[in-house]
Amino acid sequence: MCGIVGYIGTRQAAPVILDGLEKLEYRGYDSAGMAVYNGTSIEMVKAMGRLKVLFELTHGGETLPGTAGIGHTRWATHGQPSDLNSHPHMNTEGTISVVHNGIIENYIALKNKLLKKGYKFLSETDTEVIAHLLDYYYKGNPMEAIIKVMHRVEGSYAFGILFSEFPDRIFAVRKSSPLIVGQSKEGCFIASDVPAILKYTRQVCFIEDQEIVCLRRDGLKFYSVDEEEIEKEPVTIEWDTNAAEKGGYEHFMLKEIYEQPKTVFDTLNPRIRNNEVVIEELGMTDEEIRNLGKIFIVACGSAYHTGVTAKYVFEGMARIPVEVDIASEFRYRDPIIDENDWVIVISQSGETADTLAALREAHKRGSKVLGIVNVVGSSIAREADNVMYTWAGPEISVATTKAYSAQLIALYLLALKFAWVRGELSADELKAYIKDLRRLPDQIELLLGCKGRIQKFANRYIAAKDIFFIGRGIDYAISLEGSLKLKEISYVHSEAYAAGELKHGTISLIEEGTLVASVLTQESLYQKTISNIVEVKSRGAFVIAVTNEGNTEIEKAADYVVYIPQTNRYFTNSLAIIPLQLFGYYVAVGKGCDVDKPRNLAKSVTVE
Ligand code: F6R
């Protein structure tokens, strides 16, 4: 969702900015632009469409001279995708240029005031208001103007700002929208996410809410909104630069699906010692774990689906009641949180606006919050009381796969830890669970071997109109994710249903040839779900079943079966999701969809 890159240094800025924007393509966008100080004035190029258009317009940045500039990929919120609505936006004289990520909630009121003062607007965006407001407050001191704007603006923002009267500086500021800064011998950078600048530097600083950064060629200075200077130590980013490259795979999504054995291992391994689960970052005493009343798990999309699985695991294994909430619901539903309850928020990006708001809501109600987060230093990671990182590395494809798998592992580990401390597990049981966890990476590897078979099967369904996913218990949670994976990248309509719920309405949609993907990994529920399979088959459905090795009885009911290796009933999601991810992927590939960047979607949803 909108990407910002800025550079000031000794190199030509435009190619560096284009290169960085390319690394942010995964965030989703519909137009792109750059503004560079060319020695006498600010020159701007922007266009609707892919970065390729901007690349061609500027010959890869070469035709835009200058060593200080800002760039942007826009994901339209206010005003449709168009050349005019693309960022940067400028004041009328073209002396102030702004790129923006976020939403200015009071932009209409601000715009009306500026219109009355004679300002003319070219676009429908909320961002153009900022360019004119800066102009209105600018009396020769950029910091003063920026601070005044910060006091007037409501909503979320990350800004990169260029003043032609101060061509040796770029200014950046943020509130509830991601922005990082980096420094190398060749200059300073701003970016919405680390991969954009990883090629140039690993030394990164995180900007806190309502801090201002002034970047010069030779260094960075941070200020509070009261203009007091703030000292910051850079953090060294350890990510492998190759992690943000496709490495020979046709798509990032396929690469990330294949990275899952490693991701699972990396999330698991540091937290298992001598057959014990050790989560140093948990920040809960054994006493607090024993006294836990209830756990609220709050997240969005796929991360929410891991929470649905976790409900079954926590309740079954550790006997702790769990409520799972979609973050955009939780934040407004006036939840009842008691003293001994904890809130767990789950987020790959750590920047999802609704999840962040839910975290803040939980804090307001006096609850402690544990974040399960992938991106180090992200807003959720910084605001949660404690953070359990998933160590999946950068996930570029918009549709999550490896981060989802890592989140599941983090949740299993927490469930085991809680169950052990609360006396719900014997040492032998704990040992057996840990053994099963350790086998998951190899078992996932094995399942990835079914790629060819799934591809063939998927090719038969590229023209499908509706696909249904059904399951019970944890299998329902897997179905939710299988369905989302398919629909978000292939645009085939699909729905996930608790298998027993089908006959309360949805079964009327089943007709001759409708594909029903059924998940049966919970032994105690096999027979129940088989009955549901029989019901849909008798109405003409074609049924694929994902089930445990050995459950050959299913072959009598289903038309096509994918077996997953044996594990215990709580961890089956980590295996059953693999064929479903591959299925979604190959249907999308077969239809010629832009798999890594599905339409209308953004990787990091930083607006409500
Ligand atoms: C689906 C997907 C989304 C995210 C959701 C939350 O493939 O990726 O549903 O899971 O937007 O994002 P994070 O985890 O960054 O909070």
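The values are calculated or read from the model by the stated rules, or taken from the named source; none is laboratory data. Just so it is clear, the structure is predicted and the values come from calculations on it, not from any experiment. Here the Cβ positions follow ideal geometry from the backbone for every residue, glycine too, while neighbour counts run over all protein chains shown.
General remarks:
- Residue in segment 324-349 that is farthest from Lys402 (Cα to Cα), counting only those that are among the aliphatic types (A, V, I, L, M) and assigned to a loop (DSSP other than H, G, I, E, B): Ile336
- A single member of Ala47, Ala14, Ala35 is among the small types (Gly, Ala, Ser), in contact (Cβ under 8 Å) with a residue 24 or more places away in the chain and outside any strand (DSSP E or B), and it is Ala14.
- Residues (outside any strand (DSSP E or B) and surrounded by fewer than 21 Cβ atoms within 10 Å (Cβ to Cβ)) located in segment 145-168: Ile147, Lys148, Met150, His151, Arg152, Glu154, Ser164, Glu165, Phe166, Pro167, Asp168
- Qualifying residue in segment 569-591 (condition: under 30 Å from Gly49 (Cβ atoms) and either surrounded by fewer than 20 Cβ atoms within 10 Å (Cβ to Cβ) or free of Cβ contacts under 8 Å to residues at least 60 places away in the same chain (or both)): yes
- Qualifying residues in segment 504-534 (those that are among the charged types (D, E, K, R) and exposed (fewer than 14 other Cβ atoms within 10 Å of the Cβ)) - the one farthest from the ligand (Cβ to nearest atom): Glu512
- Residue ID - nearest to the ligand (Cβ to nearest atom), chosen from residues in segment 350-372 that are in a loop (DSSP other than H, G, I, E, B) and surrounded by fewer than 19 Cβ atoms within 10 Å (Cβ to Cβ): Arg365
- The set of residues from segment 330-349 being modelled with pLDDT under 95 and either within 9 Å of the ligand (Cβ to nearest atom) or on the phi > 0 side of the Ramachandran plot (or both) comprises Asp334, Ser349.
- Taking every residue in segment 171-183 that is hydroxyl-bearing (Ser, Thr, Tyr) and pairing it with any residue that is assigned to a strand (DSSP E or B), at least 6 positions away or on another chain, the pairs with Cβ-Cβ distances below 6 Å are Ser176/Ser156; Ser177/Asn101; Ser177/Gly102; Ser177/Ser156; Ser177/Tyr157; Ser177/Ala158.
- Of Ala558, Ala545, all but one fail to be touching a helix residue (DSSP H, G or I) at 6+ places or on another chain (Cβ under 7 Å), in a loop (DSSP other than H, G, I, E, B) and without any contact (Cβ under 8 Å) to a residue 60 or more places away in the chain; the exception is Ala558.
- Glu259 meets all of the listed conditions (1) within 14 Å of the ligand (Cβ to nearest atom); (2) under 18 Å from the mean Cα position of the chain (by Cα) but one, namely (1).
- Test: residue in segment 373-380 that is within 12 Å of the ligand (Cβ to nearest atom) and part of a strand (DSSP E or B): yes
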